[in-house]
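Scroll down for the structure; my scribbles are underneath it.
The values are calculated or read from the model by the stated rules, or taken from the named source; none is laboratory data. Computed from a predicted structure; not experimentally measured. Quick reminder, even Gly has a Cβ in these numbers, built from the backbone with ideal geometry, and neighbours come from all protein chains shown. In case anyone asks, the SASA skips ligands and DNA or RNA and just uses the protein heavy atoms, side chains included. Shrake-Rupley method; radii C 1.70, N 1.55, O 1.52, S 1.80 Å.
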Amino acid sequence: MSSFEAPPNHGVLFVASKQDAYVEEAFAAAASIKRQAPQLHITLFTDRTCNALLRAGLFDRVEAFASSTDLGSPRPEAQLDRLACLLRSPYERTLYLDTDTRAVTPLVAQVFSALDDADIAMVEDVPEFSFTRSRTGRRMFNAGVILYRRNENRSEEHTSELQSH
């Protein structure tokens with residue numbers, strides 16, 4: 001596992017918990033990022049610290065964490081894991097991607113400029129691909145792609161509450 005004293009001010013974040021298959025997906029996703037934008041720094045948060053792919057050197061930083069087990073169901077626990085890890089990003093500007101996401105263009109490195117005028121950016125789901133949006137008519141956003149910047153106004157109480165789960 002590698003760690004930098006002063007990481008770049010922006011980078012890509014993956015969270016892989018509960019199954020080695022998610023580390024494998026994150027590895028493939030990180031490889032696609034490095035092919036398209038090798039200058040981007042990539043951090044992986046995982047509870048699967050024995051996975052051999054972590055020693056391959058593709059991730060610039062690997063952070064271990066204890067996965068949530070309070071809910072008795074892996075899917076919502078993994079969602080809590082993601083939220084807690086988003087708060088721990090080492091970057092001023094972070095692009096969180098689900099592990100099954102692939103970069104297909106070098107333009108991925110330019111998405112950080114969207115944060116010049118916003119604290120967060122997400123992809124809006126279209127009704128054809130969102131069951132909930134098609135039923136409610138309300139806007140829905142894909143939580144698998146979240147671009148955000150560190151905000152000095154965030155509540156420390158809220159942050160510590162999420163990190164304790």
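See the values below:
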read-out	value
Qualifying residues in region 90-101 (those that are within 18 Å of residue 39 (Cβ to Cβ) and of a type outside the set (Val, Ile, Thr)) - the one surrounded by the fewest Cβ atoms within 10 Å (Cβ to Cβ)	92
Filter result for residue 13 (closer than 22 Å to residue 146 by Cβ, in a strand (DSSP E or B), in contact with a Ser or Thr (Cβ under 7 Å, 6 or more places away or on another chain) and of a type outside the set (Lys, Arg))	yes
Some residue of region 49-72 being out of contact with any helix residue (DSSP H, G or I) (no Cβ under 9 Å at 6 or more places or on another chain) and within 22 Å of residue 142 (Cα to Cα)	no
Counted residues, region 28-81 - those being open to solvent by 70 Å² or more (accessible area, probe 1.4 Å), hydrophobic (A, V, I, L, M, F, W, C) and under 18 Å from the mean Cα position of the chain (by Cα)	1
Some residue of region 102-109 being part of a loop (DSSP other than H, G, I, E, B) and in contact with a His (Cβ under 6 Å, 6 or more places away or on another chain)	no
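Every residue, every condition in (1) at pLDDT 85 or above; (2) under 25 Å from residue 30 (Cα atoms); (3) surrounded by 17 or more Cβ atoms within 10 Å (Cβ to Cβ), yes or no:
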| site | (1), (2), (3) |
| --- | --- |
| 104 | yes, yes, no |
| 110 | yes, yes, no |
| 120 | yes, yes, no |
| 127 | no, no, no |
| 133 | no, no, yes |
| 137 | no, no, no |
| 143 | yes, yes, no |
| 147 | yes, yes, yes |
